[in-house]
Amino acid sequence: MKYDFNQLPNRLLSNSAKWRNNTRAYEKGDLIPMPVADSDFPTSPEVIAAIREFVDQGAYGYSMDRPTLVPAIQSWLKDRFGWEVEAEWIDFNSGVMDGFFSILSVVTEPGDGVIIQNPVYPPFFNYTKNGDRQIVLNPLHWDGERYVMDFENLESLFAGPGPKPKAFVLCSPHNATGRVWDLDELKRLTEILLKNDCFIISDEIHFDILRKGVKHTTLGLLGKEVEQNMVLITAASKTFNIAGLRTSYIVIPNDEIREAYKAFRIGRSSANFIGKIATETAYTQGVQWLEEMNEHIEKNARYMVERLSQEAAPIKAYVPEGTYLLWVDCRGLNMEQEDLMKWFVEDLKLSFNDGATFGEGGVGFIRVNVATSFALVEEATQRIIDGVAALQK
Ligand SMILES: Cc1ncc(COP(=O)(O)O)c(C=O)c1O
């Protein structure tokens, strides 16, 4: 391995939200923070060098994009996922959720229904509600092995006498269940959505973080008709731990929607210039770093899941196909959600995301971020095992 994912920077020094904005327990110095979807790794040395070069020249006035930025994104989408996009389809945002809100505002009207598949990344709910759109749920189902989409329910959402939902939020890979949707699922999904004139917002921010042998299908690959009825919102931010640089991009193949989006964006700020430098460098020089990070995450995830499965029943965990997030079922502990989260923080000194915040279907679950050193994953795993054993005494 060329890169080391076990030497972590002191994230307290950079006021990391994951490490600082936690609980008082952390102030005692012994809480392992595993919420929030960012990693604890320093970004790739190549990205750090490019940022350093820009910082060192000292003048941070208005800048134009380097002509190499958009081609770097086009190559990333083509080389890794096989999707060819035109340069003019791409625009920048100060975060994927910035892009989400803008495109949702363009393709729907206040009062329109927006389909969201829970349990899922919580801001989808708030951003939809704040835009005066109606949340329409299509809950995912556990089929005994993995979470799957409920196509029958989806069809029924369009069948009623009332207004049909106008947009569908695809989280792909899915945060928090870790599903990487396969081609057949996406085909069936897009058939239903196209038939019902429902626009698709495909949030693929986690698309680079995959288990070995798992293939991510970016939505634009499903053909020209789908391409005209969708946008991709994504970033290099989760992959390369640069989310704090507030830079993401949106790909809008449909000319009319792109024009409406551009009109909506007038007066809104775009991405951060340092974030753009980081994105371009990551996409042109970061492949090996990414592959090694994926190996490291795979090891962490498999370790925790195997040990919890063998030694922490009734807690249930599985290795997700994508993301660095484990969706862990703690319902067998028979605790109220508030007590569960309190038990983790106060007794075990572990901080996770509360599954209940991911919407219906999340109660009794926690979301665990394993994008950290192996030592911290080992320690957290042991604390859970010891905690469950103590409960059973
Ligand atoms: C699925 C998903 N979308 C969007 C975001 C947020 O992205 P940004 O900070 O670029 O708005 C996250 C962060 O966890 C996420 O998991």
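Some values worked out for this structure:
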quantity: Criterion (within 13 Å of the ligand (Cβ to nearest atom), in a strand (DSSP E or B) and either not assigned by TED's automatic domain parsing to the domain that holds Leu326 or not polar (S, T, N, Q) (or both)) met by exactly one of Phe125, Phe92; calculated: Phe92
quantity: Any hit, region 352-375, residues being over 19 Å from Thr177 (Cα atoms), more than 18 Å from the chain's Cα centre (by Cα) and at pLDDT below 95; calculated: no
quantity: Condition check for Gly162: assigned to a loop (DSSP other than H, G, I, E, B), more than 23 Å from Ser94 (Cβ to Cβ) and within 12 Å of the ligand (Cβ to nearest atom); calculated: no
quantity: Top-ranked residue in region 103-162 [being within 30 Å of Arg268 (Cα to Cα) and in contact with a His (Cβ under 8 Å, 6 or more places away or on another chain); ranked as surrounded by the most Cβ atoms within 10 Å (Cβ to Cβ)]; calculated: Gln117
quantity: Yes/no for Ser102 being outside any loop (DSSP other than H, G, I, E, B), within 22 Å of the chain's Cα centre (by Cα) and closer than 25 Å to Gly322 by Cβ; calculated: no
quantity: Test set (1) farther than 15 Å from Tyr147 by Cβ; (2) crowded, with 20+ Cβ neighbours inside 10 Å - Asn334 fails condition number; calculated: (2)
quantity: Residue selected from region 369-393 under the condition touching a Leu at 6+ places or on another chain (Cβ under 6 Å) and part of a helix (DSSP H, G or I), by the criterion surrounded by the most Cβ atoms within 10 Å (Cβ to Cβ); calculated: Ala380
quantity: Enumeration of residues in region 62-113 that are aromatic (Phe, Trp, Tyr) and farther than 18 Å from Ile257 by Cα; calculated: Tyr62, Trp76, Phe81, Trp83
quantity: Scope region 95-120; condition within 16 Å of the ligand (Cβ to nearest atom) and polar (S, T, N, Q); matching residues; calculated: Ser102, Ser105, Gln117, Asn118
quantity: Among (1) in contact (Cβ under 8 Å) with a residue 40 or more places away in the chain; (2) of a type in the set (D, E, K, R); (3) touching a strand residue (DSSP E or B) at 6+ places or on another chain (Cβ under 6 Å) - the single one Glu204 does not satisfy; calculated: (1)
quantity: Helices (runs of 4 or more DSSP H) wholly inside region 240-313 that include at least 3 residues being within 16 Å of the ligand (Cβ to nearest atom); calculated: 273-285
quantity: Selected residue (only one of Leu333, Leu391, Leu350, Leu340 is of a type outside the set (Asp, Glu) and touching a strand residue (DSSP E or B) at 6+ places or on another chain (Cβ under 6 Å)); calculated: Leu350
quantity: Number of the exception - Asp79 against (1) under 30 Å from Lys215 (Cα atoms); (2) out of contact with any helix residue (DSSP H, G or I) (no Cβ under 6 Å at 6 or more places or on another chain); (3) touching a residue at least 40 places away in the same chain (Cβ under 8 Å); (4) acidic (Asp, Glu); calculated: (3)
quantity: Subset of region 24-34 that is modelled with pLDDT under 75 and buried (at least 17 other Cβ atoms within 10 Å of the Cβ) - its residue that is nearest to Gly244 (Cα to Cα); calculated: Tyr26
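The values are calculated or read from the model by the stated rules, or taken from the named source; none is laboratory data. None of the values given here were measured: they were computed from a predicted structure. Cβ: placed from backbone, ideal geometry, glycine included. Neighbour counts: every protein chain shown.
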